[in-house]
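Just so it is clear, none of the values below were taken in a lab; they were calculated from the coordinates. Given the structure is predicted, the values throughout are model-derived calculations rather than measurements. Cβ placement follows ideal geometry from the backbone for every residue including glycine, while neighbour counts extend to all protein chains displayed.
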Amino acid sequence: MDFVYTPENIPSVPVQGSNLHYAVSRIFCVGRNYAAHAREMGFDPDREPPFYFTKPANALVLTGATIPYALGTQNLHYEMELVIAISKPAFRVSVEHAQDYIYGYACGLDMTRRDLQIKSREIGRPWDFGKAFENSAIITPLVPKSVSGPINSGNIDLSVNGVVKQKADLKDMIWNVSEIIANLSEYYHLTTGDLIYTGTPEGVGPVVAGDTLVGNIDQLGKLELHIGPAE
Ligand code: MN
């Protein structure tokens, strides 16, 4: 096959402990999946079914990187999240079988242009400008579920320049991992290459150039990100 231009490398995430990479085609993200975070964003967490937004696969950035402060924002925020990778076609799966469709897990940061997200939210426009931009999906190497075992609870935290900003337990998710997979599989034919960012706990906040972010999920290890100057 000939292309009009040479395709860039396929977006992918390395698999911890192997030479394999997990090729990524879609990134789904869950909105307001921890009650305290829903409240800090001004919403009642009890009345909402799960909802989602997406990021392009080429928004992925591997842990350890320095990213430029994002374009067009004055309020770039971190959101520390558990990421799951789908292992096989998952269509209309039940909650009780949903764990069978998990390939592995990673730590992720859903970087957010909060000013643009809130502005678009207020006037009923899509969230893309606030969420789906370059360098907005930070990720660590995937830990296969065959190594980690199922992850449904445990510590998740994030520090900025050594100061803890987010700290919660994964069991505090409003919609747990199984429920998210089951629900999304009613709307999409989930399959290999699909990542799901499962939402962030309370304590989101801004970053500035020069900041170092360190995220941690106990079973998965650390994520690190440096914020560089704006372009
Ligand atoms: Mn998020």
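Counting lysine pairs in the range 12-199 that sit 8 or more residues apart in sequence, or on different chains, and whose Cα atoms lie under 18 Å apart gives 4. The packing ranking, built from the mean of other Cβ atoms within 10 Å per residue, places the peptides 34-47, 109-122 in the order 109-122, 34-47, highest first.
Where does the chain land at 222 nm, in deg cm²/dmol rounded to the nearest 500, when only DSSP H runs of n ≥ 4 count, each adding -39500 (n - 2.57), divided by all residues? So the helix-based figure for the chain works out to -3000 deg cm²/dmol. Based on C-alpha pairs under 8 angstrom that are at least 6 apart in sequence, the range 124-206 has a relative contact order of 23 percent.
Seen through its C-alpha gyration tensor, with square-root eigenvalues sorted a ≥ b ≥ c, the range 103-230 comes out oblate because a/c lies at 1.5 or above while a/b is not bigger than b/c. When only the Cβ of Lys, Arg, Asp and Glu is charged (+1, +1, -1, -1), the dipole of the chain relative to its Cα centre reaches about 100 debye. For the range 69-82, putting each phi into the Karplus relation 6.51 cos²θ - 1.76 cosθ + 1.60 with θ = phi - 60° gives couplings of 3, 5, 5, x, 10, 10, 8, 7, 10, 9, 9, 7, 8, 7 Hz, in residue order, rounded to whole numbers and with x for Gly and Pro. Remark: the range 212-223, residue by residue, has Karplus-estimated 3J(HN,Hα) of 10, 10, 10, x, 8, 10, 3, 6, 10, x, 9, 10 Hz, where x stands for each Gly or Pro and the curve is 6.51 cos²θ - 1.76 cosθ + 1.60 at θ = phi - 60°.
For the range 85-110 versus the range 46-78, the inter-centroid distance based on Cα atoms is 20 Å.
By the equivalent-ellipsoid construction on the alpha carbon gyration tensor, the range 12-199 comes out with semi-axes of 24, 20, 17 Å, ordered largest to smallest.
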